[in-house]
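Notes follow the structure.
The values are calculated or read from the model by the stated rules, or taken from the named source; none is laboratory data. As the structure is a computational prediction, the values presented were derived from the model and not from experiment. Cβ: placed from backbone, ideal geometry, glycine included. Neighbour counts: every protein chain shown. What goes into the accessible areas is simple: the full protein's heavy atoms, side chains included, and nothing from ligands, DNA or RNA. Shrake-Rupley method; radii C 1.70, N 1.55, O 1.52, S 1.80 Å.
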Amino acid sequence: MSARRDRPGPGVGTGMGAATVFARHRYAIVLAIVLLAVTMAAGTGLLALSGHFLTAAALAGGIASGFNFFGPSAGIRALTFVRIVSRYGEKLFGHDVTLRLARDLRVWFFARALPLAPLGLGRERMGDLLARLVADIETADGLLVRALGPLLALAAIVAVVVAVAALVLPAAALCLLLAALSIGIGVPLATAWGARDAERARAAARAALRQSLQEGVEGAADLIALDAVAGQLARIDADADALARRETRLQRRLSLAGGLHALVVALALPVLLWLLLDAHAADRIGAAAAAGLLFAGIAVFELAAGIGQSWQALRAARASLARLDDIALRTPAADSPEQATDLPAHGMLHLSDVRFDWGGAAPRRVLDGIDLKLPPGRRIAIVGDSGAGKSSLMALLLRLRDPDGGRIAFGGVDLRDASLDDWHRRLAWLPQDAPVFAGSVRDNLLLGADAADDARLWSVLDAVRLGEAVRALPDGLDGWIDEGGGSLSGGQSRRLALARALLRDAPILLLDEPTEGLDVDTAHALLRDLARLAEGRSVLMISHDTLPEGVVHARYRLRDGQLLED
């Protein structure tokens, strides 16, 4: 019976999307929107009350005529104070929650994408991934400040002003409502007509430009050597022009929104003024109340001036969130079960009848019935021609993918029944292209064992024949290493990565070409030390080099999907 388990496709997610990050901050978001609405309401009330007050004072002829000067002036001072305090609070809480959203969105996206990186993201361009991590998150985290906050607050202010106007003069309320609907709904619909996928296309153009720039910087030496600089610059110019055209179209839509807003206001204000004058002439409303209502309408129209930008920011944020979810909600090729079985601390690694292919239009069986036992303390080496399946076997052992048939178990527990974290704690892994990170020697080593003391760090450095080179650094263990190991030779970078793997307290060592980049004498000395340092651990090594006597207990060859003792 096949051990294949049904899984959702690569575009189907098992978890919630970026909305969960916003939900985590829902109370702070609501508070920021409320404070923004209070700020807008205070500003609108201040303008309306000022209009009412000035008109009433002018008609009354001053305090001597019995006009209540102190009540309205106290209201103006109160609204001014409220506006100052609420605006400060809105800026404080609004920007604070925005920064927290930016932080948590990046952590969420990275945490979701990281399990996909070894295999699931191989077809994605690095520039596009970088654009999603940087530009799309910058757009999405502005959803509150630039989009939802202004739109919701404005809707609340319009509702209040229309309700108050309906109590004073229903015709004026109807005028304000129609103008608000035209500005809030009609203008965005008119400007968005025919631009349904404009934001996604703009984000894609931005990603393409980032990719071209990144490839130009990373491949500068090769481009110069191959006399291909002009072609790369032409691609960058073409991508920049494509993005510029998208940005120009966006600015045209925003300009159109501004023009339509001004047109609606130019039509609505005279109508509102005529309704108020007509009502005053018929003694249905006082002059002061009419002035207050007129100024309230002016305040609402002023607040709505940026509604086109808010709607555009909302569309951009939605497009960016969709792009983030497109990556983050992909199901990993291998995942932890809901009810995981605990793995033993030590045990035998057992592959039985393991079968695997990479799928695609013309699937090819890469591994066809692999059987292997790796008990504690045993060291084996696996060789094979390029394409024989060595990397596929490592991918299965790391649980980057699960086998299509057969079973991989540790200590009698099928790895598909254990959590990924639990299994990875049993592994120390040295890939063929092991990275060296910018930082100190100590920082790079502690990735393998964060609690290791200096004595243990020096011990493993000496074991991989790197201790002397590190002692020669000005700061020893705290000596700086450039990004990618630029300040080290290729062999030194390799030994540092091996030291990091050896530091990890794990029962199984998986080594992919551990002596890559080393001369023969250093490689053989390192392999002998490795055999001594790995005593008691299980070691599975992929190596094309000739191995000294005693380094491994057995040597296997992968050929035609079969694992044969060499």
Inter-label distance, nm, simple model (7 Å from Cα along the C-beta direction), His544/Ser391: 1.3 nm
message: Please report the net charge: other residues with Cβ closer than 13 Å to the Cβ of Val551, K and R +1, D and E -1.
response: +1
- line: Using a 1.4 Å probe on heavy atoms of the protein chains only, the accessible area for Ile185 in Å², nearest 10, reads 90 Å²
Alpha carbon centroid spacing (whole Å) that separates segment 304-372 from segment 494-566: 30 Å
statement: With the charge dipole of the chain built from beta-carbon charges (+1 for Lys and Arg, -1 for Asp and Glu) about the Cα centre, the Cα from Gln432, Leu367, Leu154 projecting farthest to the positive end belongs to Leu154
- request: Using a 1.4 angstrom probe, figure out how much accessible area segment 90-160 has per residue, in square angstrom, rounded to the nearest whole.
  value: 48 Å²
message: If you fit an axis through the alpha-carbon atoms of helix 149-168 and take the longest principal axis of the Cα set of the chain, what angle between them do you get, 0 to 90°, nearest 10?
response: 20 degrees
- request: Considering the options Gln562, Leu540, Leu503, tell which one lies farthest towards the positive end of the dipole of segment 438-566, charges being +1 on Lys and Arg and -1 on Asp and Glu at the Cβ, about the Cα centre.
  value: Gln562
statement: For the Leu233, Ala74 Cβ pair and Förster radius 60 Å, calculated FRET efficiency rounded to 0.05 is 0.35
task: Taking the dipole about the Cα centre of the chain, with the C-beta of Lys and Arg at +1 and of Asp and Glu at -1, give me whichever of Leu31, Ile76, Phe109 is farthest to the positive side.
output: Ile76
field: Sparse-neighbourhood loop sites, trypsin sites (Lys or Arg not before Pro) in segment 146-226 - DSSP loop, at most 14 other Cβ within 10 angstrom
entry: Arg196
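For the chain, give the magnitude of the charge dipole about the Cα centre (Cβ charges: +1 Lys/Arg, -1 Asp/Glu; no others), in debye to the nearest 20. Kindly include the intermediate steps, with their values, before the conclusion.
Working: 60 positive and 62 negative charges, 374 e Å.
The calculated dipole for the chain is roughly 1800 debye.
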Nearest-0.05 FRET efficiency for Arg200 and Ala166, computed from C-beta distance (R0 51 Å): 0.80
message: Tell me the angle of helix 229-281 to the major Cα principal axis of the chain, expressed in degrees between 0 and 90 and rounded to the nearest ten.
response: 20 degrees
- request: Within the set of other residues whose C-beta is less than 15 Å from the C-beta of Thr20, count the net charge using Lys and Arg as +1 and Asp and Glu as -1.
  value: +3
query: What whole-number value in Å² describes the accessible area per residue of segment 397-520 for a 1.4 Å probe?
result: 41 Å²
- request: Note the angle between two axes, namely the Cα long axis of helix 170-181 and the longest principal axis of the Cα atoms of the chain, as a number of degrees from 0 to 90, rounded to the nearest 10.
  value: 30 degrees
message: Within 10 Å of each candidate Cβ there may be at most 10 other Cβ atoms; applying that plus a DSSP loop requirement, which GluC sites (Glu not before Pro) in segment 489-563 survive?
response: Glu535, Glu549
message: Can you tell me the length gained on complete extension of the stretch Asp342 to Leu181, counting 0.36 nm per residue apart and subtracting the Cα distance?
response: 52.0 nm
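Return the calculated 222 nm mean residue ellipticity for the chain, to the nearest 500 deg cm²/dmol, obtained by summing -39500 (n - 2.57) across DSSP H runs with n ≥ 4 and dividing by the residue count.
Calculated from helices alone, the mean residue ellipticity at 222 nm is -18500 deg cm²/dmol.
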message: Given a Förster distance of 60 Å, report the FRET efficiency between Asp241 and Leu473 from their Cβ-Cβ distance, rounded to the nearest 0.05.
response: 0.80
- prompt: In the set (i) -0.51; (ii) -0.29; (iii) -0.44, which value of log10 I(q)/I(0) by the Debye sum over Cα atoms at q = 0.06 Å⁻¹ was calculated from the structure you see?
  reply: (i)
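Of all the accessible heavy-atom surface of the chain, with the other protein chains kept in place and a 1.4 Å probe, what percent is carbon and sulfur?
Heavy-atom surface of the chain belonging to carbon and sulfur, 1.4 Å probe: 59 percent.
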query: Can you give the accessible area per residue of segment 260-389, in Å², using a 1.4 Å probe?
result: 47 Å²
